[in-house]
Amino acid sequence: MLAAALPARALERPTGQVVLTVGGRVRMPNDGDVAHFDMLMLAALPQVSFTTRTPWYARARRFTGPLLRDVLAAAGAQGTLIRLTALNDYKVDLPYDDAQRHDVIVARLLDERPMAVRDKGPLFVIYPFDARPELRGAVYYSRSAWQLRTIEVF
């Protein structure tokens, strides 16, 4: 209860190249009405790693990055729907609740290394598919997005 009464800490502005923009229902923007993140800002958030099999790689791979819910919280973003947009303008919608119920991450490392654009980077929203049987299917596979550029919260 006390935390709700405290003022939200402002999101600092990126000092490096912007790699992610969070827009829509954002309460803590750092540039107009959006929140921009550089790689250092994403790396400063608590990091989560998991190894999972995916339809896109021949073997299980290790993904590391902040939880999607932590990225949303850093921007003060809340809503009911999240739209992910990739560098190639691929768009996918997922329920906001997915970020709360599942340990979805905004992966910035693949097998402990930064991801190049040609290797689905620099950011990849990925579910921990091997954590729960219900996550291993077309619905959740389609909600993942590599080469992430923007997150819009509605």
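The values are calculated or read from the model by the stated rules, or taken from the named source; none is laboratory data. In this text the structure is predicted, and so the values were computed from the model without any measurement. Cβ sites come from the backbone with ideal geometry, for glycine too, and all protein chains shown count toward neighbours.
Structure values in brief
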{"quantity": "Single residue of Phe63, Phe50 found to be of a type in the set (Phe, Trp, Tyr) and crowded, with 20+ Cβ neighbours inside 10 Å", "calculated": "Phe63"}
{"quantity": "Matching option when the condition is buried (at least 19 other Cβ atoms within 10 Å of the Cβ) and not aromatic (Phe, Trp, Tyr), among Pro95, Pro128, Pro122, Pro133", "calculated": "Pro122"}
{"quantity": "Hey, Asp98 farther than 18 Å from Trp56 by Cβ, at pLDDT 95 or above and out of contact with any strand residue (DSSP E or B) (no Cβ under 7 Å at 6 or more places or on another chain) or not", "calculated": "yes"}
{"quantity": "Output for the stretch 98-113, where each listed residue is surrounded by 18 or more Cβ atoms within 10 Å (Cβ to Cβ) and not in a helix (DSSP H, G or I)", "calculated": "His102, Val104, Ile105, Val106, Ala107, Arg108, Leu109, Leu110"}
{"quantity": "Output for the stretch 128-142, where each listed residue is in contact with a strand residue (DSSP E or B) (Cβ under 8 Å, 6 or more places away or on another chain) and either outside any loop (DSSP other than H, G, I, E, B) or aromatic (Phe, Trp, Tyr) (or both)", "calculated": "Phe129, Asp130, Ala131, Ser142"}
{"quantity": "Contacts under 9 angstrom Cβ, first residue in the stretch 27-39 being modelled with pLDDT under 95, partner of a type in the set (Gly, Ala, Ser) and in a strand (DSSP E or B), 6 or more apart", "calculated": "none"}
